[in-house]
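Worksheet for the structure shown next.
The values are calculated or read from the model by the stated rules, or taken from the named source; none is laboratory data. Everything quoted here is computed from the prediction, not taken from an experiment. Cβ placement follows ideal geometry from the backbone for every residue including glycine, while neighbour counts extend to all protein chains displayed. Each accessible area value is taken on the protein alone, full model and side chains, heavy atoms only, with ligands, DNA and RNA left out. Shrake-Rupley method; radii C 1.70, N 1.55, O 1.52, S 1.80 Å.
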Amino acid sequence: MDQSVFRITKELSDLQKDSNLSLAIACRDVDVRNVKALIIGPHETPYEFGFFEFAFVFNKEYPRKSPQVQATTTNEGRTRFNPNIYANGKVCLSILGTWRGERGEQWSAAQGLESILLSIQSLMSMNPYENEPGFEDANEAHDKKNQKNYVQKIRHETIRISVVHRLEEYLGINPDGTVAPDNIHGEIVSSGSAESDMDMLDEESSVPFEPFKDLCKRRFLWYYDSYMAAVQKGKSEVKDNEPFARMPFESHGNGMEGSFNFTELEKRLKAIKAALDVETEGWAAEGLQAKAQETTVAVNLQRQFEQVVEHFKRRDLAHSIELVGGNPFVWLVTYFGKPMTNLDGGLFRIRLCFSPRFPEEQPRARFETKIFHHRIAADGTPCYYAPQNRREDVRTHLEAIIDALEEESPPYDPRTLVNPEAFKLFWGSADDRKMYNRRLRRSVQQSME
């Protein structure tokens, strides 16, 4: 095997094994030199929970030479999201040789795909205004005003372009909020975006390579409340139709131009959430057809259901599982709270829905019983992680959900912020934690009423 291909393959494998919730990578099996990467914007920055995609091209001299990197979330080349990430897709980093850096900051064979992704992610800071050379210590009154204006418009365009545009395209949502009939289950009807123009097409297929579609849909459900909170904050700070302020380092064709309309963004976010809920409900009907046809996925899910039921019996677990209407694509789990914990005495119903395209499309879980928990969104969507190499194993998903629910001393991880109110209390002061525990216990008691 070519040494560069061997190195790239190993890096891809290592990254896919990692449980980093803010990075994702993918490539076609036949072409490991062309890699797509997704960076999810860091918490407490104007990029928070946005979906930013990049295209990597590795040459035969890798890792002696750095790969070429292109930002593809650019609103068709019209939007510059950062002083170092241009509207034309150029990423200015010293390790890529696209920007002069200090001695020792240049590329070396010890670096790789992950170090590049982390370097790009570090550009998505709380105050990206400072990323522009010469503005690192800008602290005059007009600079402070510019910093605030820059953060406001990045937050707006992060939601509008990286989240709303992307999800509307995935779901086939029209400008008026309706969903195209032939796209009701999330297939892309058409795409005129810059991202699509760069899609690597398989020789035998004209289907665009969209490896992050399912991931972005699931993460949208995680972060929906955070998006809505950002919209409310934006509405309190700026008026609709107020034009964006141009920064000193921006120019025509390489800036972020437009105007605010958080009211419109709020409406579009709600439409996306509704469309995702409809899509999930549609899986049940599709699943019954698949069951009648005895498709591979239907047979597999039925077998896994029987195995999980047997596993729970062998381990003498109180939890129970049933198929809703005998449909192997819709599982209903009854979870009994763990004794001697805040969950003790609770009785929670969790619905697990599967796509006929499982495991390419991962299951979507929802707590039907209300619970106040920092890892459970207000609508009942749990935040959990199933390892990449076990994503087809349903028991792994169930155990991951239960682990997220029962873990009493988790490490701080803002990427799991799916319930802003509960998260703030859980990670707040000692009094905040007491309030969190009281509200969790109250929801546990109510689960039995």
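What is the distance in Å between the Cα centres of the stretch 54-83 and the stretch 255-314? Comparing the Cα centres of the stretch 54-83 and the stretch 255-314, I get a distance of 32 Å. In a fully extended conformation the segment linking LYS148 and ARG395 would gain 84.2 nm over its present Cα-Cα distance, using 0.36 nm per residue.
Please arrange MET340, MET126, MET435 by accessible surface area, largest first, computed with a 1.4 Å probe and ligands excluded.
Order by accessible area, largest first: MET340, MET126, MET435.
Rank these by accessible area, largest first, 1.4 Å probe: ASP393, ASP403.
ASP403, ASP393
The 3J(HN,Hα) values that the Karplus relation (6.51, -1.76, 1.60; θ = phi - 60°) gives for the stretch 30-44 are, in residue order, 8, 8, 6, 7, 10, 10, 9, 9, 10, 10, 8, x, x, 5, 6 Hz. Gly and Pro appear as x. With 10 Å bins beginning at zero, the pair-distance distribution over Cα atoms of the chain amounts to 4, 19, 28, 27, 16, 6, 1 %. Shown for the chain: the carbon plus sulfur share of the solvent-accessible area, taken with all protein chains present and a 1.4 angstrom probe, equals 50%. Placing unit charges on the Cβ atoms of the charged side chains and taking the dipole of the chain about its Cα centre, the candidate lying farthest along the positive direction among GLY41, THR73, THR381 is THR381. Structure remark: mean-square fluctuation, Gaussian network model of the chain, C-alpha springs under 10 Å; the largest value among ASN139, ASN59, ASN342 belongs to ASN139. Convex hull of alpha carbon positions in the stretch 240-313: directionally averaged projected area 10.3 nm². Within the full protein context, the accessible area of LYS270 is estimated at about 100 Å² for a probe radius of 1.4 Å.
For the chain, with every protein chain kept in place, what is the accessible area per residue (1.4 Å probe, Å²)? All intermediate terms of the calculation are to be shown ahead of the outcome.
Values: 21520 Å² over 449 residues.
Accessible area per residue: 48 Å².
Which helices pass in the chain if a helix is a full DSSP H run, must span at least 15 angstrom along its long axis by Cα, and must have mean Kyte-Doolittle hydropathy not below -1.0? In the chain, the long hydrophobic H runs are 3-17, 113-123, 213-237, 262-292, 296-314, 394-406. Of the residues SER122, MET435, LEU352, the one whose Cα sits farthest toward the positive end of the charge dipole of the chain, with +1 on the Cβ of Lys and Arg and -1 on the Cβ of Asp and Glu, is MET435. In this structure, the pairs whose alpha-carbon distance is over 20 Å, taken from LYS17/LYS424; LYS145/LYS235; LYS90/LYS144; LYS217/LYS370, are LYS17/LYS424; LYS90/LYS144; LYS217/LYS370. Computed with a 1.4 Å probe on the full set of protein chains, the accessible area for PHE209 sits at about 30 Å².
Say R0 is 30 Å: what FRET efficiency, to the nearest 0.05, do ARG357 and LEU12 get from their beta-carbon distance? It comes to 0.85. Only protein heavy atoms count here; on that basis, with a 1.4 Å probe, GLU279 has an accessible area of about 0 Å².
Summarising the amide proton neighbourhood of VAL32: residues at separation of 5 or more, or on other chains, whose placed amide H is nearer than 5 Å comprise an empty set.
Each Lys and Arg adds +1 at its Cβ and each Asp and Glu adds -1 at its Cβ; summed about the Cα centre, the stretch 319-381 shows a dipole of about 100 debye.
Around the Cα centre of the chain, unit charges on the Cβ atoms of Lys, Arg, Asp and Glu (plus for the first two, minus for the last two) sum to a dipole of about 1000 debye.
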